[in-house]
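Structure record follows, encoded as structure tokens.
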Amino acid sequence: MAKRRPVERLLADPATEPALAGRLRSARALVGFAEEELSLPVGRSYDSYVELGRPYATWTVSAAAELSVEPEIWCFPVAGCVSYRGYFSQPAARRFADRLAERGMDVDVAGVRAFSTLGWFRDPLLSSFLALPEPGLAALLFHELAHRRLYAQGDTTFNESFASLVEEEGVARWLAAYGPAGELEGWLASRRRDDQVIALALATRARLAEAFAAPRPDGWKRQRKAALIDELRAAYRERRPEWGDRWDGFFDTGLNNARLASLGAYHDLVPALRALLADQDGDLERFYDAAEALAKLTPEERLNRLQARQPDTGAPPAGAEGERLPHVTSLG
């Protein structure tokens, strides 16, 4: 935060590199669109820039038990409960992940380009994401600003699915209004491919949940887990010529319960929220009102309401694995 430099000052400075100035102008236009066309609260966020000197803003650690696809949950003062731990240091994130692995847990460490302070601070533009292609930059900014609009404390899946839906809708509207000819069609095709990959992964998560809930010995469950993950990788490789290499990192070494649980947090409720937006005839203000009403319910009531309108994707409902609830670790 101490390294922030005002965007206006950078744009007025002739010493600012032209490439950086162009990216800052693009970001400023996207933030203006988010406020004016997507009704997202911007305030003074993204009016400054920080050169981080590293590829990611933070690193997150996600975890799940060896024989569960439910994420580990950590609870903090003020921030509430989330299904990951965030670190500004990659070695620190790796050390924590190693301690969890020593306890027999599946762990996943991922670099994160940006995060939202939920309106508590003026979030700056970061070098970790500013160089993204414009659709990717739009997606990231719309996603993070969506968290400023709505955040249900203690419900990572609802929060991230909501932000993912706003991101998806926002990018489509931006490209329809300002994208070069053919870019919207290309982006929609890319989204359809992503949806297919996600459906494949979440279907495997559903099969893992069934295996873990089966009245079988743990040894059988471990063998079944290994076989299902191998089948998932093989299915991905088979369709990779069609899908491209965008998801190679996800299916690379380290694919486990924790990684599948993290994917679910961002996508489990998107189909139901997409249906909720359609019910409002695409009117974002009405959609936000409906989502805010859901956020006021208890987590169980909210999940039941959303599950009732969730299309059958073959994936287990968020928070469902037999009768077990996510394991919660209280901090502080």
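The set of residues in segment 242-269 that are within 19 Å of PRO71 (Cβ to Cβ), in a loop (DSSP other than H, G, I, E, B) and of a type outside the set (S, T, N, Q) comprises GLY254, LEU255, ASP268, LEU269. Cβ-Cβ contacts under 6 Å between residues 6 or more apart (or on different chains), taken from a first residue in segment 263-279 that is under 13 Å from GLN310 (Cα atoms) to a second residue that is surrounded by fewer than 23 Cβ atoms within 10 Å (Cβ to Cβ) and of a type outside the set (A, V, I, L, M, F, W, C), are listed as VAL270/SER164; PRO271/GLN310; PRO271/PRO311; ALA272/ARG309; ALA272/GLN310; ALA275/ARG309.
Is it the case that TYR46 is at positive phi and buried (at least 19 other Cβ atoms within 10 Å of the Cβ)?
So TYR46 passes the test.
Which residue is nearest to the chain's Cα centre (by Cα), if the candidates are limited to segment 145-163 and must be more than 25 Å from ASP47 (Cβ to Cβ) and of a type in the set (Ser, Thr, Tyr)? So that I can check it myself, show each step before the final result.
Applying the first criterion (more than 25 Å from ASP47 (Cβ to Cβ)) to segment 145-163 yields 152-158, 160-161.
If we keep only those that are of a type in the set (Ser, Thr, Tyr) too, we end up with 156-157, 161.
On the way: THR156: 9, THR157: 9, SER161: 7 Å.
Going through the qualifying residues, I end up with SER161.
Scanning segment 53-66 for residues that are surrounded by fewer than 18 Cβ atoms within 10 Å (Cβ to Cβ) and under 15 Å from LEU260 (Cβ atoms) yields one hit, GLU66. If I filter segment 239-255 for residues that are polar (S, T, N, Q) and modelled with pLDDT of 95 or more, do I get at least one hit? No, that holds for no residue.
Taking segment 277-294 as the range and being in contact with a Phe, Trp or Tyr (Cβ under 7 Å, 6 or more places away or on another chain) and closer than 17 Å to TYR151 by Cα as the test, only ALA291 passes.
Applying a threshold of 6 Å to beta carbon distances and a minimum spacing of six or more residues, or different chains, the list of pairs starting in segment 81-100 at a residue that is within 18 Å of ASN257 (Cβ to Cβ) and in contact (Cβ under 8 Å) with a residue 12 or more places away in the chain and ending at one that is of a type in the set (S, T, N, Q) and surrounded by 15 or more Cβ atoms within 10 Å (Cβ to Cβ) reads VAL82/THR156; SER83/THR156; TYR84/THR60; TYR84/SER62.
Considering only residues that are in contact with a helix residue (DSSP H, G or I) (Cβ under 6 Å, 6 or more places away or on another chain) and within 18 Å of SER116 (Cα to Cα), look in segment 67-84 and name the one that is surrounded by the most Cβ atoms within 10 Å (Cβ to Cβ). Across segment 67-84, the extreme among qualifying residues is SER83. Go through segment 142-191 and report how many residues are in contact (Cβ under 8 Å) with a residue 60 or more places away in the chain, of a type in the set (A, V, I, L, M, F, W, C), surrounded by fewer than 21 Cβ atoms within 10 Å (Cβ to Cβ) and in a helix (DSSP H, G or I). Selection size over segment 142-191: 1.
Test ALA213 against the stated conditions and say whether it is farther than 17 Å from VAL69 by Cα, small (Gly, Ala, Ser) and touching a residue at least 24 places away in the same chain (Cβ under 8 Å). The answer is no for ALA213. Just so you know, in segment 115-135 the residues that are at pLDDT 95 or above and small (Gly, Ala, Ser) include one that is surrounded by the most Cβ atoms within 10 Å (Cβ to Cβ), and it is SER128.
The values are calculated or read from the model by the stated rules, or taken from the named source; none is laboratory data. Remember, predicted model here, so these are calculated numbers, not experimental data. Every residue, glycine among them, receives a Cβ derived from its backbone with ideal geometry; neighbour counts consider all protein chains shown.
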